[in-house]
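Below is one structure, written out as C-alpha coordinates, with a few remarks after it.
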Amino acid sequence: MHGDGMYADGADMGRRDHGGRGRRAAAILALILGLVGLAVSMTGVAIQLLPRQFSAVQQRQIEAWEVMRRWQTMPAGQIFPASVSYQLSAQVLQDAAPLDLDALRVSIAPQESDCAKAVTSAAAGAVLRRNGCEAVLRATYVDATRSYVMTVGVAVLPTEAAAASAAGSLSQARLAAVRDAVGAGRLSAGVLVVRFRGVAARLYDYDRQISASFTAGPYVVMYAAGYSDSRPRVPVIQDAYSDDEMSSMAQGVAYSVANTLAASPAPPHCPGAPGC
(Lines give C-alpha, C1' and ligand atoms only; values in the text may rest on other atoms or scores of the structure.)
Protein backbone atom coordinates (compact mmCIF):
# COMPACT_ATOMS: atom_id res chain seq x y z
CA MET A 1 0.00 0.00 0.00
CA HIS A 2 2.82 2.34 0.89
CA GLY A 3 4.45 1.64 -2.43
CA ASP A 4 1.24 2.08 -4.23
CA GLY A 5 0.70 5.28 -2.31
CA MET A 6 4.18 6.53 -3.21
CA TYR A 7 3.54 5.66 -6.79
CA ALA A 8 0.27 7.50 -6.75
CA ASP A 9 1.84 10.56 -5.13
CA GLY A 10 4.68 10.65 -7.68
CA ALA A 11 2.32 10.48 -10.64
CA ASP A 12 0.26 13.32 -9.25
CA MET A 13 3.33 15.48 -8.79
CA GLY A 14 4.43 14.71 -12.33
CA ARG A 15 1.13 15.87 -13.65
CA ARG A 16 1.43 19.07 -11.60
CA ASP A 17 4.96 19.73 -12.94
CA HIS A 18 3.83 19.19 -16.50
CA GLY A 19 0.92 21.59 -16.00
CA GLY A 20 3.22 24.23 -14.50
CA ARG A 21 5.62 24.02 -17.42
CA GLY A 22 2.70 24.42 -19.83
CA ARG A 23 1.46 27.48 -18.05
CA ARG A 24 4.94 29.01 -18.03
CA ALA A 25 5.35 28.31 -21.74
CA ALA A 26 1.97 29.87 -22.44
CA ALA A 27 2.88 32.90 -20.34
CA ILE A 28 6.21 33.29 -22.15
CA LEU A 29 4.50 32.94 -25.51
CA ALA A 30 1.91 35.53 -24.50
CA LEU A 31 4.69 37.86 -23.37
CA ILE A 32 6.56 37.43 -26.66
CA LEU A 33 3.41 38.05 -28.66
CA GLY A 34 2.68 41.10 -26.52
CA LEU A 35 6.17 42.49 -27.11
CA VAL A 36 5.85 41.88 -30.84
CA GLY A 37 2.50 43.67 -30.85
CA LEU A 38 3.99 46.57 -28.86
CA ALA A 39 6.91 46.81 -31.29
CA VAL A 40 4.53 46.90 -34.25
CA SER A 41 2.41 49.54 -32.55
CA MET A 42 5.44 51.68 -31.68
CA THR A 43 6.67 51.38 -35.27
CA GLY A 44 3.30 52.64 -36.48
CA VAL A 45 3.42 55.55 -34.04
CA ALA A 46 6.98 56.39 -35.11
CA ILE A 47 5.95 56.39 -38.77
CA GLN A 48 3.07 58.72 -37.96
CA LEU A 49 5.40 61.08 -36.08
CA LEU A 50 8.09 61.13 -38.78
CA PRO A 51 7.79 63.66 -41.66
CA ARG A 52 5.62 62.37 -44.50
CA GLN A 53 7.49 61.28 -47.60
CA PHE A 54 6.07 62.59 -50.89
CA SER A 55 6.37 60.89 -54.26
CA ALA A 56 8.06 62.74 -57.13
CA VAL A 57 4.65 63.55 -58.64
CA GLN A 58 3.35 64.84 -55.30
CA GLN A 59 6.46 66.99 -54.85
CA ARG A 60 5.95 68.62 -58.26
CA GLN A 61 2.28 69.25 -57.50
CA ILE A 62 3.07 70.86 -54.14
CA GLU A 63 5.87 72.98 -55.60
CA ALA A 64 3.55 74.18 -58.39
CA TRP A 65 0.94 75.05 -55.77
CA GLU A 66 3.52 77.07 -53.82
CA VAL A 67 4.52 79.05 -56.92
CA MET A 68 0.91 79.59 -57.97
CA ARG A 69 -0.08 81.21 -54.68
CA ARG A 70 2.90 83.58 -54.37
CA TRP A 71 1.12 86.49 -56.00
CA GLN A 72 -1.32 86.39 -53.07
CA THR A 73 1.09 85.62 -50.23
CA MET A 74 4.07 87.84 -51.14
CA PRO A 75 3.99 91.54 -50.21
CA ALA A 76 3.69 93.79 -53.27
CA GLY A 77 6.98 95.45 -52.35
CA GLN A 78 8.73 92.08 -52.58
CA ILE A 79 7.27 91.25 -55.99
CA PHE A 80 8.09 94.76 -57.22
CA PRO A 81 11.23 95.86 -55.31
CA ALA A 82 12.06 99.53 -54.79
CA SER A 83 15.06 99.25 -57.11
CA VAL A 84 16.31 96.73 -59.65
CA SER A 85 19.85 96.52 -60.99
CA TYR A 86 20.51 96.00 -64.70
CA GLN A 87 23.42 96.41 -67.11
CA LEU A 88 23.99 98.46 -70.19
CA SER A 89 26.15 96.41 -72.54
CA ALA A 90 29.77 97.27 -73.21
CA GLN A 91 29.10 97.07 -76.94
CA VAL A 92 26.60 99.92 -77.03
CA LEU A 93 28.83 101.95 -74.71
CA GLN A 94 31.83 101.21 -76.93
CA ASP A 95 33.73 100.41 -73.77
CA ALA A 96 35.55 97.44 -72.29
CA ALA A 97 33.02 96.79 -69.52
CA PRO A 98 29.27 97.03 -69.11
CA LEU A 99 27.70 99.75 -66.99
CA ASP A 100 25.69 98.83 -63.90
CA LEU A 101 22.51 100.87 -63.52
CA ASP A 102 19.39 100.89 -61.34
CA ALA A 103 15.73 101.17 -62.20
CA LEU A 104 13.67 102.89 -59.51
CA ARG A 105 10.08 102.02 -58.68
CA VAL A 106 7.65 104.95 -59.03
CA SER A 107 4.49 103.23 -57.86
CA ILE A 108 2.55 99.99 -57.62
CA ALA A 109 -0.88 100.05 -59.25
CA PRO A 110 -3.94 98.56 -57.56
CA GLN A 111 -4.52 94.92 -58.44
CA GLU A 112 -6.79 94.59 -61.49
CA SER A 113 -9.15 91.61 -61.23
CA ASP A 114 -10.62 92.33 -64.67
CA CYS A 115 -7.59 91.34 -66.70
CA ALA A 116 -8.92 92.91 -69.90
CA LYS A 117 -8.63 96.37 -68.32
CA ALA A 118 -4.87 95.98 -67.86
CA VAL A 119 -3.90 95.12 -71.45
CA THR A 120 -3.77 97.09 -74.68
CA SER A 121 -6.71 95.66 -76.63
CA ALA A 122 -10.02 93.85 -76.31
CA ALA A 123 -8.53 90.93 -78.24
CA ALA A 124 -5.70 90.64 -75.73
CA GLY A 125 -8.21 90.81 -72.90
CA ALA A 126 -10.23 88.01 -74.50
CA VAL A 127 -7.07 85.88 -74.68
CA LEU A 128 -6.45 86.31 -70.97
CA ARG A 129 -10.07 85.63 -70.05
CA ARG A 130 -10.19 82.52 -72.22
CA ASN A 131 -7.16 81.13 -70.42
CA GLY A 132 -8.56 81.82 -66.95
CA CYS A 133 -6.69 84.98 -65.96
CA GLU A 134 -7.36 85.78 -62.30
CA ALA A 135 -5.71 89.18 -61.98
CA VAL A 136 -3.05 91.50 -63.37
CA LEU A 137 -0.43 93.12 -61.11
CA ARG A 138 1.43 96.19 -62.38
CA ALA A 139 4.15 98.59 -61.29
CA THR A 140 5.97 101.50 -62.90
CA TYR A 141 9.74 102.11 -62.92
CA VAL A 142 12.08 104.81 -64.24
CA ASP A 143 15.80 104.82 -64.88
CA ALA A 144 18.08 106.80 -62.57
CA THR A 145 18.05 109.83 -64.86
CA ARG A 146 14.25 109.59 -65.33
CA SER A 147 14.75 109.57 -69.10
CA TYR A 148 12.87 106.30 -69.57
CA VAL A 149 9.77 104.91 -67.93
CA MET A 150 8.27 101.43 -68.03
CA THR A 151 5.37 99.35 -66.75
CA VAL A 152 5.85 95.73 -65.80
CA GLY A 153 2.70 93.61 -65.57
CA VAL A 154 2.02 90.10 -64.29
CA ALA A 155 -1.04 88.23 -65.53
CA VAL A 156 -1.93 85.44 -63.12
CA LEU A 157 -3.03 82.24 -64.88
CA PRO A 158 -4.20 78.98 -63.24
CA THR A 159 -1.47 76.73 -64.72
CA GLU A 160 1.79 76.85 -66.67
CA ALA A 161 -0.04 75.48 -69.73
CA ALA A 162 -2.62 78.28 -69.54
CA ALA A 163 0.17 80.88 -69.24
CA ALA A 164 1.97 79.43 -72.27
CA SER A 165 -1.24 79.47 -74.29
CA ALA A 166 -1.97 83.08 -73.36
CA ALA A 167 1.56 84.28 -74.09
CA GLY A 168 1.57 82.55 -77.46
CA SER A 169 -1.67 84.25 -78.45
CA LEU A 170 -0.50 87.68 -77.25
CA SER A 171 2.48 87.52 -79.59
CA GLN A 172 0.39 86.82 -82.70
CA ALA A 173 0.33 89.51 -85.37
CA ARG A 174 -3.46 89.86 -85.37
CA LEU A 175 -3.18 91.27 -81.84
CA ALA A 176 -0.38 93.69 -82.69
CA ALA A 177 -0.80 97.44 -82.65
CA VAL A 178 -1.59 99.13 -85.94
CA ARG A 179 1.45 100.48 -87.76
CA ASP A 180 1.80 104.15 -86.95
CA ALA A 181 2.25 107.10 -89.31
CA VAL A 182 6.02 107.14 -89.11
CA GLY A 183 6.24 103.50 -90.12
CA ALA A 184 7.48 102.06 -86.84
CA GLY A 185 7.33 98.29 -86.53
CA ARG A 186 4.37 96.60 -84.94
CA LEU A 187 4.19 96.15 -81.17
CA SER A 188 2.62 93.02 -79.77
CA ALA A 189 -0.34 93.36 -77.49
CA GLY A 190 0.57 93.47 -73.87
CA VAL A 191 0.43 95.40 -70.65
CA LEU A 192 -1.36 98.73 -70.62
CA VAL A 193 0.89 101.41 -69.17
CA VAL A 194 -0.14 102.76 -65.77
CA ARG A 195 -1.50 106.29 -66.00
CA PHE A 196 -0.93 108.96 -63.35
CA ARG A 197 -2.68 112.07 -62.17
CA GLY A 198 -1.35 115.43 -61.06
CA VAL A 199 2.33 116.27 -61.50
CA ALA A 200 3.17 112.62 -62.11
CA ALA A 201 0.96 112.58 -65.20
CA ARG A 202 3.37 114.94 -66.96
CA LEU A 203 6.40 112.92 -65.95
CA TYR A 204 5.20 109.35 -66.41
CA ASP A 205 2.31 109.37 -68.89
CA TYR A 206 4.09 107.85 -71.85
CA ASP A 207 3.73 106.06 -75.18
CA ARG A 208 4.98 102.52 -75.61
CA GLN A 209 8.18 102.36 -77.63
CA ILE A 210 8.95 98.70 -76.92
CA SER A 211 6.76 95.91 -75.65
CA ALA A 212 7.13 92.16 -75.01
CA SER A 213 5.89 89.30 -72.85
CA PHE A 214 7.10 85.90 -71.66
CA THR A 215 6.03 83.19 -69.24
CA ALA A 216 7.34 82.30 -65.80
CA GLY A 217 5.51 79.33 -64.31
CA PRO A 218 1.77 80.15 -64.23
CA TYR A 219 2.47 83.85 -64.87
CA VAL A 220 2.64 85.89 -68.06
CA VAL A 221 5.11 88.71 -67.43
CA MET A 222 4.62 91.70 -69.73
CA TYR A 223 6.52 94.95 -70.06
CA ALA A 224 6.28 98.18 -72.03
CA ALA A 225 8.73 101.07 -71.98
CA GLY A 226 9.00 104.53 -73.48
CA TYR A 227 10.46 108.00 -73.10
CA SER A 228 9.41 109.93 -70.02
CA ASP A 229 8.82 113.13 -72.02
CA SER A 230 5.63 111.71 -73.60
CA ARG A 231 6.98 111.91 -77.14
CA PRO A 232 4.89 110.02 -79.74
CA ARG A 233 5.94 106.54 -80.68
CA VAL A 234 9.01 106.53 -82.91
CA PRO A 235 11.07 103.71 -84.45
CA VAL A 236 13.32 103.48 -81.40
CA ILE A 237 15.40 100.75 -83.00
CA GLN A 238 17.03 103.45 -85.14
CA ASP A 239 18.64 104.86 -81.99
CA ALA A 240 20.91 102.03 -80.84
CA TYR A 241 21.77 103.61 -77.50
CA SER A 242 18.17 104.41 -76.52
CA ASP A 243 16.97 101.04 -77.76
CA ASP A 244 19.61 99.17 -75.76
CA GLU A 245 19.18 101.17 -72.55
CA MET A 246 15.38 101.07 -72.69
CA SER A 247 15.39 97.34 -73.43
CA SER A 248 18.00 96.60 -70.76
CA MET A 249 15.97 98.40 -68.12
CA ALA A 250 12.67 96.82 -69.14
CA GLN A 251 14.09 93.31 -69.33
CA GLY A 252 16.06 93.72 -66.11
CA VAL A 253 12.94 94.69 -64.17
CA ALA A 254 10.69 92.12 -65.86
CA TYR A 255 13.05 89.19 -65.25
CA SER A 256 13.61 90.28 -61.67
CA VAL A 257 9.85 90.10 -61.08
CA ALA A 258 9.59 86.78 -62.92
CA ASN A 259 12.44 85.20 -60.95
CA THR A 260 10.85 86.28 -57.68
CA LEU A 261 7.45 84.82 -58.48
CA ALA A 262 8.53 81.62 -60.24
CA ALA A 263 11.64 80.65 -58.26
CA SER A 264 11.76 76.96 -57.34
CA PRO A 265 10.51 76.51 -53.77
CA ALA A 266 12.24 74.43 -51.11
CA PRO A 267 11.40 70.68 -51.26
CA PRO A 268 8.07 70.09 -49.50
CA HIS A 269 8.05 68.56 -46.03
CA CYS A 270 5.55 67.92 -43.26
CA PRO A 271 4.25 69.74 -41.36
CA GLY A 272 3.63 72.69 -43.61
CA ALA A 273 2.87 71.27 -47.03
CA PRO A 274 -0.62 70.36 -48.21
CA GLY A 275 -1.60 66.78 -47.42
CA CYS A 276 0.32 66.57 -44.15
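The values are calculated or read from the model by the stated rules, or taken from the named source; none is laboratory data. As the structure is a prediction and not an experimental result, all values here were calculated from the model. What goes into the accessible areas is simple: the full protein's heavy atoms, side chains included, and nothing from ligands, DNA or RNA. Shrake-Rupley method; radii C 1.70, N 1.55, O 1.52, S 1.80 Å.
Sorting T260, T151, T145 by solvent-accessible area of protein heavy atoms yields T145, T260, T151, largest first, with a 1.4 Å probe. Summarising the amide proton neighbourhood of A216: residues at separation of 5 or more, or on other chains, whose placed amide H is nearer than 5 Å comprise V221.
Taking amide H as placed 1.01 Å from N in the peptide plane, T120 has its amide H under 5 Å from the amide H of G190, L192, each at least 5 places away in sequence or on another chain.
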